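What follows is one structure encoded as C-alpha cells, with my remarks underneath.
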Amino acid sequence: MALPLLRLLSNVPNTINALKALSPGAGALLFKSPAIRATLIFEPQCRHTSFFNKLPAQDLWKGVTSVSNAGRKRGRGKGTGKKTAKNLNRGQIIGVGKSNIMWPGLSAPILKGKDLVKQQQLPEDSERMSKLIKMRDEMSTFRYLKLLPIERGWSGTKLPGRSIGPPDPIGDDTFEGFDTKVLEFKSVFHMKGNFGRRRRMSCLAVTGNGKGLAGFALAKSVDGRSALKRAKNRAGQKLMYFELYNNHTVMHDFFAQFGRTKIFASQKPEGFGLVCHRAIKTICEVIGITDLYAKVEGSTNLQNIVKAFFIGLLKQKNHQQMAEEKGLHLVEFRRECGNYPKVVASPAKCRSKEEIKPNEVLDFSQYVMDGRVVLKKKTFPKFYTKLPGWERHLKKTLWCRNHDDVKMRMLVEHGEIRSFLTDKYPEAKPKTWKKIREEPQPEE
Amino acid sequence: MIGMRLLRHALRTEARNHLKVVRHFSKDSDAMNSGVERDPSQTFISPEVQSLLKELTAVNLGKVFEIKRYQEKLGTPKYKFMTDEEVEIARNKAVQQSAEKLQMPPVLLARKENPEVLARDPILKGYDPDNSTYVFTDITFGKSDHDRLIVKREPDGTLSKVTWEERDNINQVYFPFPGRKWTLPKMFEPEYFDDLMKREEYVFILDRACVQFEPNHPKYIEITQKTYETINEKKSFDKLRSTRHFGPLAFHLAWNKQIDNLVLECLQKERIDDAVRAIQLLHIIHQDSKSINVQFDGNNHMEFIKNYTNTDSLKQGALSLAIETFEQTALQRQELLSVHNS
C-alpha cells in the first residue's frame with residue numbers, strides 16, 4: 001500500500017521539474033500564476049527517509065499485525081483471523097532487481113571462457129514485479145488440511161465427529177482397540193474478578209473399543225490441543241461395560257431422560273444401520289452397536305443427549321436378569337424362524353400361573369419401557385395421491401408394473417431383453433419406457 | 001410337496017401298466033433276473049421304514065426352525081414371559097408345525113413317457129395352416145395337477161394325452177407353482193452343480209430340486225442321487241440331519257447297500273441307536289443280507305453292530321476300530337463316574 005503512494009508523491013515534483021526544464025523562466029511564472037498555484041499540490045511533503053526506511057522489517061510488521069490487549073481478551077489474533085507477517089525477501093536474490101543489470105562476481109561469473117564479463121544492463125523483465133506480488137498474495141492464505149472423506153467429522157474440517165486416536169497408555173495398559181471421537185469442541189468463557197472475561201476450549205470426547213466398553217468425559221483447557229488430550233485420557237479412566245444383543249444392537253428398547261432431553265431407543269435387526277442423532281451415532285460406533293433407532297425428544301442439548309443415552313444403556317437388563325426378576329421364562333419369537341419359541345433365559349425357580357397377580361404387567365414391551373407407550377404417529381397418505389392426476393398415473397403405469405422383474409429374468413435366462421418379434425427380427429429389441437431417450441448418433 | 005396322493009396314484013397306475021414291477025420289491029429274486037428296475041416306493045411308504053427314517057433324522061427343533069440364509073428382510077425378535085406350562089404348549093404347537101417342514105419327499109421310480117392315444121382322426125390333417133398342436137386342459141377347481149385331463153390334438157389328427165413333461169408345462173401356465181421356473185435353472189447344470197457340491201450346499205440344492213421338479217421326474221432323481229452320493233463320500237451327514245431330506249438320503253444309502261459311512265459316523269459321534277436303525281433299515285430293504293441272522297432285541301446294540309461289521313460291511317477295518325474306540329471311551333467314562341460318585 002505504501003509503494004503506490006510513494007510513486008504518486010514522487011511523480012508530482014517530477015512534473016514541476018519537467019515544466020522547469022521546458023522553460024527556465026517558467027518556474028517563477030508558474031508560482032506567480034494563481035490558477036496554476038491552485039491546481040498544483042503546493043510543495044508536497046516529499047521525504048526521502050521515514051520510519052519506513054529507518055525501522056527494521058520486524059518492527060514494521062509488528063505494527064501491522066499486533067493485537068491490542070483488549071482484542072486479545074476477546075480472543076482476536078489467534079487461529080484463522082490472525083494476520084501473518086510476510087517475508088518480503090522471498091523470491092528475491094541479491095544482485096537481481098528491477099533494472100536487470102548483470103553483476104559479474106555477484107549474479108554472473110567473472111570469466112566467460114578467457115574473456116572478462118562486463119557489467120551490462122539486460123532488457124527489463126516486465127513480469128518480475130507481478131510474479132513477486134502474486135507470490136506474496138498467496139503467502140497469506142492458510143493451507144487447509146487435506147482430509148480424506150473417511151476421516152471427516154460431522155461437518156467440514158471441524159473436530160466434532162472426528163477421531164483423535166486411543167487414550168494415552170498408562171504403564172502396562174495400552175488401550176488396544178480403543179478409538180476416541182470428539183462430540184463437542186467449543187470455546188467457552190467465564191468471568192474472573194481480576195482478569196475479567198477468560199476464554200477456554202471445552203472438549204467432550206467418547207472413547208470405546210467397539211466391543212461393549214466405552215466412556216465419555218468433558219475437559220477444558222486454554223488451548224484446544226491440550227483440551228482434546230485431557231478429555232481423551234479422562235474418558236479412558238471412566239469406562240463402562242454394556243452388554244449387546246448378538247454384538248450388534250441394544251438388549252431391548254428403552255427410554256432414558258436427562259434434564260429435558262428424552263431418548264426413545266429401539267432394538268433393530270442386522271443391516272438396519274444407525275438411524276439416530278449424530279452424537280448417538282458416534283457413541284454407538286465406538287461402543288460397537290451397528291443397528292439402532294433412537295428418537296430424541298425435548299431439548300437437544302448435546303451433553304444432555306450423551307448423558308441420557310449412557311443412562312439408558314446402563315439401566316439395560318440382561319435376558320437372565322429379566323427372567324430372574326420376573327420369575328418366568330423369557331421366550332424369543334422370530335418371524336424368520338417360523339415363530340419357534342426359543343427359551344433364551346430361565347429363572348432358578350419358575351412361577352406358576354396362580355402365583356402371578358392379575359394386574360401384573362406381563363407384556364414385554366411395557367415391562368421394558370417402564371410402563372411408557374411410544375406414540376406411533378398416524379401416517380397420512382402422500383398429498384399427490386389425492387390429486388386428480390394420480391388415478392391417471394396409476395392406470396398408465398399398470399401395464400408395465402412387472403417389467404423390472406421380467407427384465408431381470410430375461411437377462412438371467414437369455415442374456416438380453418427379447419420379445420416374440422426378436423426371434424424373427426433380431427434387431428427388434430424392446431427397451432424399457434423412458435420419457436426422454438437420447439437417440440444414438442448414426443455412425444458414419 | 002405332493003404328499004401321499006401322488007404316491008398312491010402313481011402306485012395304482014404303475015400297477016395297472018407294469019404289474020411285474022410292483023410285485024418285485026423284496027423277496028422275489030426274479031427282479032434281478034428280469035432286468036426291470038425294482039420300485040422303491042412301496043418300501044419307502046411302509047410304516048416300519050417311515051418310523052426308522054423319522055428317528056434317524058434326529059429332529060432338533062432349533063435346527064428345523066433355523067434362519068435360512070436366503071431370507072430377504074430381517075425383523076426384530078418379539079419376547080414373551082411364559083410359565084412352564086405355556087412354554088410346553090408353545091413347543092407342542094411348534095412340533096406340529098415342524099411336521100410340515102419335515103415331510104419327506106417320496107422316493108419313486110423315474111416316470112416313463114407313454115401317453116395314451118384316445119383317437120386317431122387323419123381327416124383333420126391340414127385343418128390348421130400353421131401346423132400347430134392344440135392342447136385342451138380341464139381347469140376345474142379341485143382337480144389335482146396329476147389327475148386333470150390334458151389332451152392334445154396333433155397336426156396329423158391324433159388325439160392323445162400329453163406327456164409328463166408337457167403336463168408340467170401346462171400346469172405351470174394355469175396353476176403356477178411358486179418358485180418353479182420354465183427353463184432348467186442353471187443351478188442344476190453340471191458346472192454349477194459341482195461348485196455347489198464343493199461348497200457343501202446340499203440342503204440348498206435339494207430344496208430347490210423339490211420346488212422345481214416332481215419326485216418322479218428323471219432329473220430330480222438324478223440330482224438327488226448325485227447329492228446323496230457326494231454326501232456319502234464326504235461323510236457330511238450332519239448337514240441333512242433335522243431336515244426333510246435325511247430320510248430319503250438314508251433310504252438311498254440302504255437301497256444301494258452303502259450304509260457303512262453312515263454307521264461309522266454314528267459310532268464316532270456315539271449315536272449307537274442311529275447306527276442300529278441304519279442296519280435295521282438295510283435288513284428291511286434287503287431281506288437277503290447275511291447279517292439278518294442276528295435280530296435287535298432292544299439291548300444288544302454292540303452285538304448287532306458287530307455282526308453287521310463282520311458279515312455285510314465293506315469297511316470292516318474302520319468299523320471295528322470305531323467300535324473298539326467307542327467301547328473303550330464308554331468304559332473310561334463309567335470308571336470316572338464311579339470315582340466321582342464315590
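At a Cα cut-off below 16 Å, give the lysines reachable from A:LYS62, other chains included and same-chain residues fewer than 8 away excluded.
A:LYS54, A:LYS78, A:LYS82, A:LYS83, A:LYS86
Pull up the cross-link candidates among the aspartates and glutamates for B:LYS257, meaning alpha carbon to alpha carbon under 17 Å and not fewer than 8 places away within one chain.
B:GLU37, B:ASP39, B:GLU229, B:GLU233, B:GLU265, B:ASP274, B:ASP288, B:ASP312
How about region B:56-130: which chymotrypsin sites (Phe, Trp or Tyr not before Pro) there lie in a loop by DSSP and see at most 11 other Cβ atoms within 10 Å?
When the chymotrypsin sites (Phe, Trp or Tyr not before Pro) of region B:56-130 are filtered for loop state and at most 11 Cβ neighbours within 10 Å, B:TYR70 remain.
If you wrap a convex hull around the Cα atoms of chain A, how much volume per residue is inside, in Å³?
534 Å³
From the helices alone, meaning DSSP H stretches of at least four residues, give me the mean residue ellipticity at 222 nm for chain A, per-run term -39500 (n - 2.57), in deg cm²/dmol to the nearest 500.
Mean residue ellipticity at 222 nm (helix-derived): -9000 deg cm²/dmol.
Within 10 Å of each Cβ in B:85-94, how many Cβ atoms from other chains are there, averaged over the peptide?
That works out to 4 on average.
Quickly work out the A:GLU127-to-A:LYS315 label distance, labels modelled 7 Å from Cα along the C-beta direction, and quote it in nm with one decimal.
The two pseudo-label positions are separated by 7.2 nm.
Work out from phi, with θ = phi - 60° and the Karplus expression 6.51 cos²θ - 1.76 cosθ + 1.60, the ³J(HN,Hα) of each residue of region B:126-133, listed in order in whole Hz, and give x for Gly and Pro.
x, 4, 9, x, 7, 6, 9, 8
Can you tell me which of B:ARG153, B:ARG208, B:ARG241 moves the most in a GNM of chain B? Springs connect C-alpha atoms under 10 Å apart.
In this elastic network of chain B, the residue with the biggest mean-square fluctuation among B:ARG153, B:ARG208, B:ARG241 is B:ARG153.
Which of A:HIS319, A:HIS48, A:HIS190 moves the most in a Gaussian network model of chain A with Cα springs under 10 Å?
A:HIS48
Got a sec? Charge dipole of region A:192-249, +1 on Cβ for Lys and Arg, -1 for Asp and Glu; which of A:GLY196, A:ALA231, A:LEU218 is way out at the positive end?
With unit charges placed on the Cβ atoms, the residue in question is A:GLY196.
So what's the Cα pair-distance distribution over chain B, bin width 20 Å, in %?
Per 20 Å bin, starting at 0, the Cα pair percentages come out as 23, 50, 22, 4, 0.
Return the loop-located chymotrypsin sites (Phe, Trp or Tyr not before Pro) in region A:394-444 (DSSP other than H, G, I, E, B) with at most 13 other Cβ atoms within 10 Å of their own Cβ; answer none if there are none.
Taking region A:394-444 and a limit of 13 other Cβ atoms within 10 Å, the loop chymotrypsin sites (Phe, Trp or Tyr not before Pro) found are A:TRP433.
Relative to the longest principal axis of chain B, what angle (0 to 90°, nearest 10) does the C-alpha long axis of helix B:218-234 take?
Value to nearest ten degrees: 20.
Quickly work out the B:LYS112-to-B:ASN341 label distance, labels modelled 7 Å from Cα along the C-beta direction, and quote it in nm with one decimal.
The modelled label-to-label distance comes out at 6.2 nm.
Can you give the angle from 0 to 90° between the axis of helix B:164-174 and the longest principal axis of chain B, with both taken from C-alpha atoms, to the nearest 10?
80 degrees
Among A:ILE305, A:LEU116, B:ILE292, pick out the residue whose Cα is farthest towards the positive end of the charge dipole of the protein assembly as shown, where Lys and Arg carry +1 and Asp and Glu carry -1 on C-beta, about the Cα centre.
Selected residue: A:LEU116.
Kindly rank B:185-193, A:205-213 from highest to lowest mean number of other beta carbons found within 10 Å of each residue.
Top to bottom by mean Cβ count within 10 Å: A:205-213, B:185-193.
Where is the GNM fluctuation largest for chain A (alpha-carbon springs, 10 angstrom cutoff): A:LYS98, A:LYS262, A:LYS378?
A:LYS378
Given R₀ = 56 Å, what would the calculated FRET efficiency be for A:ARG260 paired with B:LYS186, taking r from the Cβ atoms and rounding to 0.05?
That gives a FRET efficiency of 0.40.
What is the pair-distance distribution P(r) of region B:218-342, computed from all Cα-Cα distances in 10 Å bins starting at 0, with each bin given as a whole percent?
Here the calculated profile for region B:218-342 is 12, 41, 31, 12, 4, 1, 0.
Restricting attention to region A:178-209, which chymotrypsin sites (Phe, Trp or Tyr not before Pro) occupy a DSSP loop and are surrounded by at most 15 other Cβ atoms within 10 Å?
Hits after loop and neighbour filter: A:PHE195.
Could you give me the ³J(HN,Hα) list for region A:89-98, computed from phi with Karplus coefficients 6.51, -1.76, 1.60 and θ = phi - 60°, whole Hz, x at Gly and Pro?
With the stated coefficients, region A:89-98 comes to 6, 5, x, 10, 10, 5, x, 10, x, 4 Hz.
Roughly how big is region A:319-372's charge dipole about its Cα centre, with Cβ charges of +1 (Lys, Arg) and -1 (Asp, Glu), in debye to the nearest 20?
140 debye
Using the Kirkwood radius built from alpha carbon pairs, what does the Stokes-Einstein equation give as D for the protein assembly as shown at 25 °C and 0.890 mPa s, in µm² per second?
Estimated via Stokes-Einstein, D reaches 64 µm²/s.
Quick check for me: using +1 on Lys/Arg Cβ and -1 on Asp/Glu Cβ, what's the dipole size of chain B about its Cα centre, in debye to the nearest 20?
600 debye
In deg cm²/dmol and to the nearest 500, what is the mean residue ellipticity at 222 nm of chain B if only DSSP H runs of at least 4 residues count, each as -39500 (n - 2.57), divided by the residue total?
Mean residue ellipticity at 222 nm (helix-derived): -16000 deg cm²/dmol.
Using the Karplus equation 6.51 cos²θ - 1.76 cosθ + 1.60 (θ = phi - 60°), what ³J(HN,Hα) coupling, rounded to whole Hz, does each residue of region B:259-271 give in order, writing x for Gly and Pro?
Along region B:259-271, the couplings run 7, 4, 4, 5, 4, 4, 5, 4, 5, 5, 8, 6, 9 Hz.
Given the pairs B:LYS269/B:LYS290; A:LYS181/A:LYS238; A:LYS262/B:LYS73; A:LYS158/A:LYS186; A:LYS315/B:LYS63; A:LYS396/A:LYS431, which are separated by over 22 angstrom at their Cα positions?
Flagged as over cut-off: B:LYS269/B:LYS290; A:LYS262/B:LYS73; A:LYS315/B:LYS63.
Cα axis of helix A:302-314 to longest principal axis of chain A: angle in degrees, 0 to 90, nearest 10?
30 degrees
Once the mean 1/r over all distinct Cα pairs of region A:149-241 is inverted, what Kirkwood radius in angstroms do you read off?
13.9 Å
Which aspartates and glutamates does A:LYS281 reach when only Cα atoms under 20 Å apart count, and residues fewer than 8 places away in its own chain are ignored?
Straight-line reach from A:LYS281, under 20 Å: A:GLU151, A:ASP179, A:GLU184, A:GLU243, A:ASP253, A:GLU270, A:ASP291, A:GLU297.
Quick note: the coordinates plus some simple rules give every number you see, no bench work behind them. Source: prediction; values computed, not measured. Reconstructed Cβ throughout: ideal geometry from the backbone, glycine too, with neighbour counts over all protein chains shown.
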